[in-house]
Amino acid sequence: MTADTINIVRAIAIQPHQIEIRAVREDEIHCVADIITRSFHFDRGWMAWFTPLFKLGIAEDLRHRLRSNVPSTNPNKIQQQVCSIAVYTDRDSTQVIGTIEVGVRTSHNYRQPTPHRYVYISNLAVSRDFRRRGIAQGLLENCEQLTRSWGYSELHLHVMGDNERGRNLYEKLGYELVSSELVWSIFPWHRPERLFLCKQLAACV
């Protein structure tokens, strides 16, 4: 069954068995684009006029990333770019309520003779009415499983310095600060800080 997105105006009691975390399907990418657009406030104020364009751009970017990482020529090669979704099931209705992306990136540093490969998390987003229900933590823990399956022991991500709720969640899950940088802003008196975090995964017993 293909999931869709929802807008809920009432509190819902969620049971663990009602949540499934799995890889997104091709025909569900529009749901991911919708959640990201709403989560990062691209549907508010003057930007609401461009919401359809934001959604289209996000969907096409994700579709391109996933297709370009499909191991089509080598069946033994593992796909190392995954977009996962959290799906909520209530009776006969199945809805996408969260999303996260994780993949292996390559950094080039003149101090290192060979490129450095690391696992990076991006685009973590949960529908507004389902936040603070453990959905984001479940998505992050799913990324840890994928990271281990790829043979890596560290996870990396960025979070804005003024995102207190996000910082608290990452700290709770064991992420530590690696570096920080000021982000360019059209307002010179307000340059937000972007933090680069890393988590060392414990070895599986």
Legend entry - Gain in span if fully extended, Val183 to Ile14, counting 0.36 nm per residue against the direct Cα distance: 57.1 nm
Legend entry - For Gly161, distant residues with modelled amide H under 5 Å away: Glu193, Arg194, Leu195
Inset, instruction - Compare the Cα positions of His30, Ala48, Pro16 along the charge dipole of segment 14-60 (+1 at Cβ of Lys, Arg; -1 at Cβ of Asp, Glu; about the Cα centre) and return the one farthest towards the positive end. - result: Ala48
Legend entry - Under-5 Å amide H pairs with Leu124, H placed in peptide plane, nonlocal only: Glu101
Legend entry - segment 176-184 - phi-based ³J(HN,Hα) in whole Hz, Karplus 6.51/-1.76/1.60, Gly and Pro as x: 10, 6, 9, 7, 9, 8, 7, 9, 4
Inset, instruction - Determine ³J(HN,Hα), in whole Hz, for all residues of segment 44-61 in sequence, where each value follows from phi through the Karplus function 6.51 cos²θ - 1.76 cosθ + 1.60 and θ = phi - 60°; x replaces Gly and Pro. - result: 10, x, 5, 5, 4, 5, 9, 3, x, 5, 4, 4, 4, x, 4, 5, 5, 4
Legend entry - Dipole magnitude of segment 82-205 about its Cα centre (Cβ charges: Lys, Arg +1; Asp, Glu -1), debye to nearest 20: 100 debye
Inset, instruction - Mind checking the full-extension length gain between Asn168 and Tyr118? Use 0.36 nm per residue of separation minus the Cα-Cα distance, one decimal, nm. - result: 15.7 nm
Inset, instruction - Show the residues, 5+ positions off or on another chain, whose built amide H is closer than 5 Å to the amide H of Arg22. - result: Ile85, Val87
Legend entry - Rounded to whole Hz, the Karplus (6.51, -1.76, 1.60) HN-Hα couplings of segment 14-20, x for glycine and proline: 9, 9, x, 6, 8, 10, 10
Legend entry - Difference of contour (0.36 nm per residue) and Cα-Cα distance, Met160 to Ser93: 20.7 nm
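Laboratory data are not the source of any read-out in this text; all were calculated from the coordinates shown. The shown structure was predicted, so the numbers you read here are calculated from the model rather than taken from an experiment. Neighbour counts are summed over all protein chains in view; Cβ atoms, including those assigned to glycine, are modelled from backbone coordinates with ideal geometry.
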